[in-house]
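See structure below.
The values are calculated or read from the model by the stated rules, or taken from the named source; none is laboratory data. The model shown is predicted, which means the values in this text are computed figures rather than measured ones. All Cβ positions, even for glycine, are placed from backbone atoms using ideal geometry, and neighbour counts span all protein chains on display.
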Amino acid sequence: MDAHDERPHDTMYTTGEYFLKNEGCKDAGFKIEYLRRILLRLDGGSFVGKVMSVADIGCGAGKTTSALYKLFKELTGNEVEVDGYDVHPFIDQLQGSDRVRFIKGDFAALASKVYDIAVLFDVIEHVSDPISFLGGISAKARYVVLHVPLDDSYFLWLRNLPRENLKFPGHLVALDPASALNLLTYSGLRVLDYEFTPGFRAPSGRQTILQKLLYPLRSVSFQVSPFLTHKFLAGVSLMVIGATKTSQEKNARIV
């Protein structure tokens with residue numbers, strides 16, 4: 001994909017339908033804590049001190065964007081610049097600051113600089129051509145962090161939920177841990193680390209009666225094996241960080 005050409009987007013996102021229905025912003029704090037964990041493991045935590053710019057791609061209501069600013073300011077002691085990108089029509093109404101901006105449109109087409117880190121929380125599963133999508137992002141970032149729902153589980157397939165997810169929330173790709181890591185590698189990313197995240201503990205994972213009933217079993221199972229919990233009980237996602245070719249060409253090493 002030419003990084004300067006804006007890719008077509010599903011009208012569910014450009015009209016704001018997804019924004020109005022989605023409550024993913026409830027989980028901002030949950031995802032930020034797992035991002036903190038994986039960042040501090042890299043090179044004993046020294047890597048994060050070099051971060052000066054962050055892009056939040058698919059920023060939604062902006063809660064994650066603001067939380068990213070607070071996280072990196074805390075970890076680096078620097079006034080890190082954080083830009084949130086999204087295609088929904090309400091982004092112009094979001095309140096930013098000198099260091100937090102919200103930009104309407106396609107990141108790969110609009111980004112005018114190379115960011116230290118691009119963050120994609122629960123985004124890649126919505127994209128119909130994820131390999132070229134990640135290729136466009138990689139040209140404008142040194143490292144990419146993704147939070148990926150693991151929809152390829154027996155629990156979900158037995159209920160045929162992947163079929164429902166095609167309509168809403170628009171999950172076009174159903175991944176398990178291996179296919180998620182393979183997808184990132186095929187996209188040109190050098191995977192550096194990953195961690196299973198217990199999405200069933202996030203606010204959005206404890207809402208329905210079924211989620212509440214499964215919570216104790218998932219909690220015990222997750223302590224034994226996150227992978228088996230994902231396969232048989234679902235409610236598990238993957239946090240992954242990878243180096244882009246932009247970073248690799250500069251011989252930047254953080255491991």
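Worth a mention:
- Whichever residue in the range 131-161 is more than 19 Å from VAL240 (Cα to Cα) and not charged (D, E, K, R) and, among such residues, is surrounded by the most Cβ atoms within 10 Å (Cβ to Cβ): LEU156
- Within the range 205-239, considering residues that are of a type in the set (Lys, Arg) and more than 23 Å from SER179 (Cα to Cα), the one nearest to the chain's Cα centre (by Cα): ARG206
- Residues located in the range 114-160, provided they are of a type in the set (Asp, Glu) and over 15 Å from the mean Cα position of the chain (by Cα): ASP116, ASP129, ASP152
- Helices (runs of 4 or more DSSP H) contained in the range 137-249 and holding at least 1 residues of a type in the set (Phe, Trp, Tyr) and farther than 18 Å from LEU42 by Cβ: 154-158, 177-186, 209-224, 226-233
- For the range 1-38, the tally of residues that are in contact with an Asp or Glu (Cβ under 7 Å, 6 or more places away or on another chain), within 19 Å of ILE124 (Cβ to Cβ) and modelled with pLDDT of 80 or more stands at 2.
- The set of residues in the range 46-85 being over 11 Å from PHE102 (Cα atoms) and part of a strand (DSSP E or B) consists of SER53, VAL54, GLU81.
- Flag for GLU164 being of a type outside the set (A, V, I, L, M, F, W, C), under 16 Å from the mean Cα position of the chain (by Cα) and surrounded by fewer than 24 Cβ atoms within 10 Å (Cβ to Cβ): no
- Looking only at the range 56-69, and only at residues there that are crowded, with 24+ Cβ neighbours inside 10 Å and in contact with a helix residue (DSSP H, G or I) (Cβ under 6 Å, 6 or more places away or on another chain), the one that is farthest from LEU110 (Cα to Cα): THR64
- Of the criteria (1) buried (at least 23 other Cβ atoms within 10 Å of the Cβ); (2) modelled with pLDDT under 95; (3) hydroxyl-bearing (Ser, Thr, Tyr), which one SER128 fails: (1)
- Test result for TYR215, closer than 21 Å to ALA118 by Cα and not basic (Lys, Arg): no
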